Every structure is written in structure tokens, then in C-alpha cells.
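Before any comments, here is the structure.
Just so you know, all these numbers are worked out from the coordinates, no wet-lab data involved. This one's a predicted model, so the numbers in the text were calculated from it and none came from an experiment.
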Amino acid sequence: MPFYDYICEFCGYDFEKNLTIARRHEPRAWTCPKCHEPECFILQIGTPGFGDPVQLGIRKPDKDVVHRLNEIKKNYGDQAGDSLKKDFKW
């Protein structure tokens, strides 16, 4: 389910809610807990959240990828960039 961002028209109170697409307009009918205005929330356009499982440490890169990165490091050395300076031995 996607996350949706909402903001109160009157006081600026904002929150994020994890809802199904069909239920994304429900919070627009809620009362603001800060200013107590009814039906004051506007659905905001938010940025999508993406996570790379390798960078997050959830998954290790494939052995072929590690092998290729080590080849690049060996062949090009410092020209390959800072991200390739460490030894890839996951």
C-alpha cells in the first residue's frame, strides 16, 4: 500500500498515512486533531520512496556483479571512482 501525505488547510498540521488507493480520500473527511476543523485535509503530492536492498544491507549483490566490480577496480584503479576503492568481498 502506498503512503499519502495530508495537510490541514487551516493550521498546516501534516501527517502521512498508509492507505489503499481506494481509501486515499478518507482522511479528507477527518477532523484535524490540532485545530479541530472538520473536513480540512488536502491530499498532498509527495515524493516516492525507493530503497535499494543492496545499499540497505537487506540483500547482498550477485557474485557476478562483485566479480565485475573487482575487475574494473583492477583494470582502472583510481580512475574507476571512489566507490570502487574498497575491496568488494560481500
Note, ³J(HN,Hα) from phi for region 8-21, Karplus 6.51, -1.76, 1.60, rounded to Hz, x at Gly and Pro: 6, 5, 8, 10, x, 4, 10, 7, 10, 9, 8, 9, 6, 4
5 angstrom amide H check on Glu37, placed H, neighbours 5+ away: Cys32
